[in-house]
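Colleague: Could you have a look at this structure, given as structure tokens, before my questions?
The values are calculated or read from the model by the stated rules, or taken from the named source; none is laboratory data. Since we're looking at a predicted model, the values are computed, not measured. A quick note on method: Cβ atoms are made from the backbone with ideal geometry, for glycine too, and the neighbour counts reach across all protein chains shown. For the accessible areas, the whole protein counts, side chains as well, though only heavy atoms, and no ligand, DNA or RNA atoms are used. Shrake-Rupley method; radii C 1.70, N 1.55, O 1.52, S 1.80 Å.
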Amino acid sequence: MDVRYLLLLFLLVSCLPTAQVSKGNLASDGTSQSTGGTTSGTTTIPASVTQWNYLGALSKTITINVSNLNNSYILGKDIETFLTTPANFSQDYCLISRYSIAGLTYELRSRIIPISYYDFSAKRTVKIFRVDFNDLNNSKSTCIENSASPIGIEMIDVNGDHVLDPNSIVAARKTYDPSLICPLCSSVLSSSKIFIAKKSLGVLKELTLAENDIRTLALSIDPNNNSSTNAGSCSQTECATRGFDCCLDNQCITDGATRPTASTQYSSQLQAAEQERLNNPLAYLNYPQLYYICGTSIPSTTGGSSSGSYDQGLTQLKKDYFCLKHLTTNKTGATFHQDVLNGFASLPDELDIADVLNSPATLYPIDIECRNDAAPSSNMYYKKVVERLYQNCGCAKTTLSDMITYCPAYDYTVNYFETSGLPNRIDCYTPPNTANQIPTQQTVSVNSRSAPHRYFRSCGEEFGSTGACASGDSQEGDFFEYQDEGNILPSQEQFGMNSILGQMKVTLDKTVPAKSIAIELDQIYQISTTSGFYSPCPTCAKDSWFTSFSAYPTTAYGTGLQAIGHSTSRDLYDNNSTGGNYEDTIFGRACWIPPTMIPFSHSPISSTQTQRLTRLKTQAALFANGYQRDWYGFNKGALIGSFDGVSWFAVGKGRIVRSTSKKLFLAINAPFADLASPTLQVVNVQAYDGVSQAAQLDYDPTLHLYHPYQNEAGNCQANHMCD
């Protein structure tokens, strides 16, 4: 080597500072760590409190179901400091949580495994405890003492400490299965004490507070398998935003939902109560041992105390009962419901006195009236009375027109005591369902040309209805079609929504309306795409720079153009796994909204059809001027669903959702449906079994993009989240 290079190298080295590499830059396993916050020879562990990490959420208190199979983690500075000692990291540990039930103490013993992982953001190795709940086989070997039975009796004193003196003991049951802590309990069990024990020579010994103090943590057990929150507490506001009715026993619940333990503990009572609920949806208020009760329902005669609110509710029900009888007397159709919706031709304010005289005296309210349009502000205005009827009977809709359209034709009926013959209560009456029962599981095929829109004829009737213009086939709105088979030469009256989605015809050989499926109202369904692919425009030209890229890439399983991988290069794959070119697919990351879902486009007008056509014209104008994407949209080409045909949600490979109408619409989230290849997406729609897991949101920011419960049809929203 030239001596000049050696001299230059010597000069460069001599100019460097004489600092030494801190030992704190190396973890105990040799991996490098961050130099931030280090001292000579040691690594400073960031200050953090001891807490749970359960299902991705940090909390001091967590609630697990008795059937829980999820692991949890305990982390914090004290935990990490304790596990930094190699001897501590290699020990066997057991988490013991105690519960006081009816004078006895019960123990849940769960295996603990010390684990470590490399934190790439902090550039250091982190050590934490992993808690294995309900890991029965391994828990026995770790948490069992000598040859004791997995479920046994041991002795503890009044402070909960183990003792040997049989004269001052309380029997305690220990188990490794959360479901065996209290099989007959119905309320959430909160721990009275929780600690970590170390196994040594076959004996479990509680760690001292100096070694590890987890007294600030709490572990609750839900015997009803109804815990859906990560933390063991909730609030009314939190539960309301998540779609539940109230916070009860540290969990969000739906009012009137059946307790999981009801079928095993009170099977005969449950059968009788379910039969009673067929006629009176509010009958569950009489059975708190069978159903969850939020206590927020309008006071009724089905239960409650003799408080003033209850008496007032009973009086109001009596008034409403007579008003509905008055409506029945003056109806023009089979029931009074359509007259309420369309307006009574004639409805006198005075009630039919015969209805009052033929009823028991105990039903007489203080005053009796049923006001017509002359007094819409009155509490007894007949439309307000009918609204209360639907609210009392459990209809989830908020407007009177939706209540009558989508909910059963409810009415009130009087029940009498069998012995005395006197009125017992006023119940909701649900008319029998004479139509065929809707199956709990349906498998349907969704044409890839299904547009997120419903097919309305030019007269305003929906296609498939039995209205007066059922023989007509022209779609409402401005006419559009292609003059050639290659779909190159368009012909249109004016640019409108039919130009964007494609014209719908009775022949259903071009654009087809959203697939409509009959479902039950207010039921939880799991919707899954089991097979199929979507090709937006097979006749469209490929990218001229690189034929593997396209403005219309094919996607599969209803997930649409995925928000993962893109390339700014025009002629190289780079990391573009979707095949969508850079400009036309907007990185493959933008959230596209159905053209009929563009906001700021609706204004109330007396005519429903005029209202709809005005909205569609506005949406078409906004779409043509660039409003095609928004943060709340879905992946382009994804399978989406709706309960009204206007507001949509992402389905993709799987989605759990509660129905808000008696129809489910399925479509593809894309314009120009008439250009798509007419392939079929096979979709399974079934009543949710309460066990299966699937996405519950369009996009869940708490889950990473590849999480099995993340919605792949709406993961574009990840790119609209702020860090």
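Colleague: Describe numerically, in nm with one decimal, the distance between label points set 7 Å from Cα along Cα→Cβ at A334 and at A47.
Modeller: Going from the A334 label point to the A47 one covers 7.3 nm.
Colleague: Further question: How many angstrom lie between the Cα centre of segment 638-707 and the Cα centre of segment 582-602?
Modeller: Comparing the Cα centres of segment 638-707 and segment 582-602, I get a distance of 17 Å.
Colleague: Sorted by mean Cβ packing within 10 Å, highest first, what order do the peptides 588-597, 694-703 take?
Modeller: On the way: 588-597: 23.5, 694-703: 18.9.
Ranked by mean Cβ neighbours within 10 Å, highest first: 588-597, 694-703.
Colleague: Non-local amide H neighbours of A556 (under 5 Å, H modeled in plane, Pro and chain starts lacking H): which ones?
Modeller: Amide H neighbours of A556, under 5 Å, 5+ apart: Y534.
Colleague: Explain nothing, just compute: Karplus ³J(HN,Hα) = 6.51 cos²θ - 1.76 cosθ + 1.60, θ = phi - 60°, for every residue of segment 549-557 in order, whole Hz, x for Gly and Pro.
Modeller: Each residue's phi maps through the Karplus curve to give 9, 7, 6, 10, x, 7, 10, 10, 6 Hz.
Colleague: How long is the gain from H707 to S67 if the chain were fully straight, where each residue apart is worth 0.36 nm and the alpha carbon distance is subtracted?
Modeller: Values: separation 640, 0.36 × 640 = 230.40 nm, distance 2.15 nm.
Residue separation times 0.36 nm, minus the Cα-Cα distance, leaves 228.2 nm.
Colleague: Once phi is turned into ³J(HN,Hα) by the Karplus curve 6.51 cos²θ - 1.76 cosθ + 1.60 with θ = phi - 60°, what whole-Hz value does each residue of segment 523-530 show in order, with x for glycine and proline?
Modeller: Rounded to whole hertz, the list is 10, 8, 10, 10, 10, 9, 8, 9.
Colleague: Can you give me the long-range amide H partners of D255? Hydrogens built in the peptide plane at 1.01 Å from N, cutoff under 5 Å, separation of 5 or more residues or another chain.
Modeller: Amide H to amide H, under 5 Å and 5 or more residues apart or across chains, D255 pairs with D245, C246.
Colleague: Let me ask something else about it. In whole Hz, with x marking every Gly and Pro, tabulate ³J(HN,Hα) for segment 45-56 from phi via Karplus 6.51 cos²θ - 1.76 cosθ + 1.60, θ = phi - 60°.
Modeller: Rounded to whole hertz, the list is 7, x, 5, 7, 6, 6, 7, 7, 10, 10, 6, x.
Colleague: Considering only Cα-Cα distances, which of the following residue pairs are longer than 26 Å: K174/K198; K77/K174; K318/K662; K123/K199?
Modeller: Details: K174/K198 17 Å; K77/K174 30 Å; K318/K662 31 Å; K123/K199 33 Å.
In this structure, K77/K174; K318/K662; K123/K199 exceed 26 Å between Cα atoms.
Colleague: Give me, ordered by chain and number, the residues 5 or more places off N581 or on other chains with an amide H under 5 Å from its own placed amide H.
Modeller: S550, A551
Colleague: So which of K127/K205; K331/K663; K319/K663; K397/K653; K397/K617 end up more than 26 Å apart, counting from Cα to Cα? Walk me through the numbers before you get to the answer.
Modeller: Numbers: K127/K205 22 Å; K331/K663 28 Å; K319/K663 34 Å; K397/K653 29 Å; K397/K617 28 Å.
With Cα atoms farther than 26 Å apart: K331/K663; K319/K663; K397/K653; K397/K617.
Colleague: Also: Please list H720, H337 in order of solvent-accessible area, largest first, computed with a 1.4 Å probe with all protein chains present. It would help to have the intermediate numbers written out before the result.
Modeller: Details: H720 85, H337 10 Å².
Largest to smallest exposure gives the sequence H720, H337.
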